[in-house]
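The values are calculated or read from the model by the stated rules, or taken from the named source; none is laboratory data. Quantities reported herein were computed from a predicted structural model and do not represent experimental measurements. Positions of Cβ are backbone-derived with ideal geometry, glycine not excepted, and every protein chain shown enters the neighbour counts. Ligands, DNA and RNA are stripped out before the accessible areas are found, and what is left, the full protein with its side chains, is counted by its heavy atoms. Shrake-Rupley method; radii C 1.70, N 1.55, O 1.52, S 1.80 Å.
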Amino acid sequence: MINRVGIMGTGAVGGMLCSFLCKEYSENFYVIGNSQRTERIKKGLKVNNTIWHPRTINCEKCDENSSLDLVIICTKNYDLESALNDLLSVVDTHTVILPLLNGVTATDRIKKIFPENKVLYGIVMRTDAARSQYEVSFSVSGEIQLGYARNEEYAREVMDVRDYLIQAGIPAKIYPDMLRMLWRKWMINIGSNQVSVITGAKFKYFGMFHEIEILLRASMGEILNIARAKKIHLTEEDLEDVVNILIHYPPEKKTSMLQDIEARRRTEIDSFAGTVMEYGKKYNVKTPVNDVLYYGIKAKEKVYLMEKQEEAERERQ
């Protein structure tokens, strides 16, 4: 039975989920973080012009009664290991863990730290949640897809998590082949996020300019080749369906990675093209398009992060 639940990460997706879970489960829902983060959350989390004040768990000051039934992880990939270290104080062997990160490595990384726990696969599809410096906004909550790698029969804990989310008004669904769904979402990320950064394009340009469609197909085609090598059931039809989704996406929307670039935040390029390159070497699959995307975006990120640091140093002088 799921009673006490915590979430780590209150960016676009995490903030959106908080607004639903605070409303439905105010007494037993918590935002987890260190002292600095929890103090900031106590001042209020603004989502769609409403300020929420979720209960918090300071993982630096937890007692023995702080364990949770479910932990939802919505951090960036590059923060995951740090987050897992913080979670040691609120996770015991009965805690179910649901990661909702981009990429395809989170569940395996979590299992290494929490080998005795039930760790699900999870993704968020079709949300338009976005984060600015001070607020999370969304008009479509999308759907959480969750489960184990294979779900011909639904495990009790998987159904409990699904029902917990649905009761709060969050669409959630268990898919028979979650590995396929995870990789399909990753293929979408590989195409849309990286190509948008290289081109600076909102979604309205994806179907307008043939050059963008060429980049989409080329970058996602490498994912398809790796999936085949790993015996994951992605098909040419999936690729065509994804291209169609992207060129018909709400035209004024921007990908999360393009938003990060424009805000001069760190990106998840290592979990996108970086992981593609690693798998390519492991399974002897050539990935020239993602190689170029990786080095181009990584260089751009390093330049603006250095410029940001230099600006901060000048302001302190």
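Residues checked against (1) buried (at least 19 other Cβ atoms within 10 Å of the Cβ); (2) in contact with a Gly (Cβ under 7 Å, 6 or more places away or on another chain); (3) free of Cβ contacts under 8 Å to residues at least 40 places away in the same chain:
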{"residue": "Ile72", "(1), (2), (3)": "yes, no, no"}
{"residue": "Tyr78", "(1), (2), (3)": "no, no, no"}
{"residue": "His94", "(1), (2), (3)": "no, no, yes"}
{"residue": "Pro99", "(1), (2), (3)": "yes, yes, yes"}
{"residue": "Gly103", "(1), (2), (3)": "yes, no, no"}
{"residue": "Arg109", "(1), (2), (3)": "no, no, yes"}
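Can you find, within the range 127-143, the residue that is most open to solvent (accessible area, probe 1.4 Å) among those that are within 21 Å of Ile261 (Cα to Cα) and out of contact with any Lys or Arg (no Cβ under 9 Å at 6 or more places or on another chain)?
First pass over the range 127-143, keeping only residues within 21 Å of Ile261 (Cα to Cα): 127-138.
Of the ones still in play, those that are also out of contact with any Lys or Arg (no Cβ under 9 Å at 6 or more places or on another chain) are 127, 129, 131-133, 138.
Details: Thr127: 27, Ala129: 20, Arg131: 89, Ser132: 59, Gln133: 145, Phe138: 40 Å².
So, considering only residues that are within 21 Å of Ile261 (Cα to Cα) and out of contact with any Lys or Arg (no Cβ under 9 Å at 6 or more places or on another chain), the one most open to solvent (accessible area, probe 1.4 Å) is Gln133.
Specify which of the listed residues (Tyr164, Tyr175, Tyr121) is among the aromatic types (Phe, Trp, Tyr) and surrounded by fewer than 19 Cβ atoms within 10 Å (Cβ to Cβ). Give the steps one after another, and end with the answer.
On the way: Tyr164 fails: surrounded by fewer than 19 Cβ atoms within 10 Å (Cβ to Cβ); Tyr121 fails: surrounded by fewer than 19 Cβ atoms within 10 Å (Cβ to Cβ).
None of the others qualify; the one that does is Tyr175.
Checking the structure you have, find out if any residue of the range 275-285 is closer than 23 Å to Met125 by Cα and modelled with pLDDT of 95 or more. Steps first, answer last, please.
If we filter the range 275-285 for residues that are closer than 23 Å to Met125 by Cα, which is where we start, we get 275-276.
Within this subset, residues satisfying the condition of being modelled with pLDDT of 95 or more are 275-276.
Yes: one or more hits.
Somewhere in the range 60-75, is a residue of a type outside the set (Gly, Ala, Ser) and farther than 24 Å from Val119 by Cβ? Please lay out each step first, then the result.
Initial filter on the range 60-75 (of a type outside the set (Gly, Ala, Ser)): 60-65, 68-75.
If we keep only those that are farther than 24 Å from Val119 by Cβ as well, we get 61, 63.
So far as the range 60-75 goes, yes, one or more of its residues are of a type outside the set (Gly, Ala, Ser) and farther than 24 Å from Val119 by Cβ.
Report the residue count in the range 279-301 for those that are open to solvent by 60 Å² or more (accessible area, probe 1.4 Å) and more than 29 Å from Ala130 (Cβ to Cβ). Reasoning before the result, please.
Taking the range 279-301 first, the residues open to solvent by 60 Å² or more (accessible area, probe 1.4 Å) are 281-284, 286, 288, 292, 295, 300.
Imposing the further condition that a residue be more than 29 Å from Ala130 (Cβ to Cβ) reduces the set to 281-284, 286, 288.
Looking only at that region, the number is 6.
Can we say Ile214 is surrounded by fewer than 18 Cβ atoms within 10 Å (Cβ to Cβ), aliphatic (A, V, I, L, M) and modelled with pLDDT under 95? Outline the logic, then answer.
Values: surrounded by fewer than 18 Cβ atoms within 10 Å (Cβ to Cβ): yes; aliphatic (A, V, I, L, M): yes; modelled with pLDDT under 95: no.
No; evaluated as a whole, the condition is false for this residue.
Look at Ala229 and say whether it is among the aliphatic types (A, V, I, L, M), surrounded by fewer than 16 Cβ atoms within 10 Å (Cβ to Cβ) and either closer than 20 Å to Tyr295 by Cβ or modelled with pLDDT of 95 or more (or both).
On the way: among the aliphatic types (A, V, I, L, M): yes; surrounded by fewer than 16 Cβ atoms within 10 Å (Cβ to Cβ): yes; either closer than 20 Å to Tyr295 by Cβ or modelled with pLDDT of 95 or more (or both): yes.
Yes, satisfied.
Which of the following residues is at pLDDT 95 or above and over 22 Å from the mean Cα position of the chain (by Cα): Glu237, Glu268? I'd like the intermediate steps shown before the answer.
Values: Glu268 fails: over 22 Å from the mean Cα position of the chain (by Cα).
When all the criteria are applied, what remains is Glu237.
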